Structure formats: C-alpha cells, structure tokens
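The values are calculated or read from the model by the stated rules, or taken from the named source; none is laboratory data. Everything numeric here is computed off the predicted structure, so don't read it as measured data. Every residue, glycine among them, receives a Cβ derived from its backbone with ideal geometry; neighbour counts consider all protein chains shown.
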Amino acid sequence: MDIRGLFKKTEGVQEFKAGTTVFAEGAPGDLMYVVLDGELEIRAGGSLIEVARPGDVVGEMALIDTKARSATVVAKSDCRLVPINERRFLILVHQTPIFALLVMRTLAERLRRMTAGRRARRTPEPARRRSGR
C-alpha cells in the first residue's frame, strides 16, 4: 500500500522549494512528514544517508522518541509534504493500523541499510596471496 493514499484529501500540505531545509540535525522535533511529491536529501553529520521520495516518511524518529532530530532534511526538488504531529500520529495509528506498519517498515528498512553500510565499511579486503614463486 502506498502511504500517500491516506492523505489524498488532506489539508495543511506544506510546500518546500528545492534547497530549503525542512528541519536540521539537533533541532527539537514534534512533526514527521509524508512525502507527497518531490525528493528530499537526508543527511547526518554532513553525509548523505538517503534520498526520500514520494510515499516515504521523514522525521518519524523525533516524533516517536521525542529526542532531537538525528538528521537534516533538505528539499532536493520542489516538494509537497504532509506534516503529522503526535496527536495526528496517534489518531492515524488508532484508526488506520496499516499506517503504523508502514512507518515501522520505513524505520526497519533504514536501519537495515545503515547496518549493511557499516558492515561493508568494516569488512577488510581479502588477504592477497603472495606470488613469490
């Protein structure tokens, strides 16, 4: 299921021009966003983590754990985003359980990609055979 289908007739859609920072790493966060249109760069520590596309969510961690933002999100292209505060999040989870599953899948996919990336960076190159004969 495409999460955007839950927000076809929603009000309060926010538009961000390319290059605009949606939120910054370390800032307090009380909103997550569903990407309706456009692409967003997700950066942590200055490094590109991934590009969010239509149907993705961003900012969910700060909304769920009430900690500071763990990444900076910048509009890569003009974007339309649906802001979701904690109250709306809880209503969506209660009334539309698939919404919670889709957010959890996003978290799991990002965690798997980050874990795989860290493993790849730590895996030493295979020892090269010496050919002295």
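Here are the numbers for this structure:
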{"item": "Members of the range 76-88 that are closer than 13 Å to residue 34 by Cα and out of contact with any helix residue (DSSP H, G or I) (no Cβ under 6 Å at 6 or more places or on another chain)", "result": "79, 80, 81, 83, 84, 85, 88"}
{"item": "Any hit, the range 6-17, residues being surrounded by 19 or more Cβ atoms within 10 Å (Cβ to Cβ) and at pLDDT 90 or above", "result": "yes"}
{"item": "Residue match in the range 105-122 (condition: modelled with pLDDT of 85 or more and touching a strand residue (DSSP E or B) at 6+ places or on another chain (Cβ under 6 Å))", "result": "yes"}
{"item": "Residues of the range 82-101 classified as crowded, with 18+ Cβ neighbours inside 10 Å and more than 20 Å from residue 22 (Cα to Cα), total", "result": "2"}
{"item": "Residues (loosely packed, with under 15 Cβ neighbours inside 10 Å, at positive phi and small (Gly, Ala, Ser)) located in the range 31-81", "result": "45, 46"}
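To keep it simple, each residue is scored yes or no on (1) within 25 Å of residue 11 (Cβ to Cβ); (2) modelled with pLDDT of 90 or more; (3) out of contact with any strand residue (DSSP E or B) (no Cβ under 7 Å at 6 or more places or on another chain).
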| residue | (1), (2), (3) |
| --- | --- |
| 55 | yes, yes, no |
| 68 | no, yes, yes |
| 82 | yes, yes, no |
| 85 | yes, yes, no |
| 101 | yes, yes, yes |
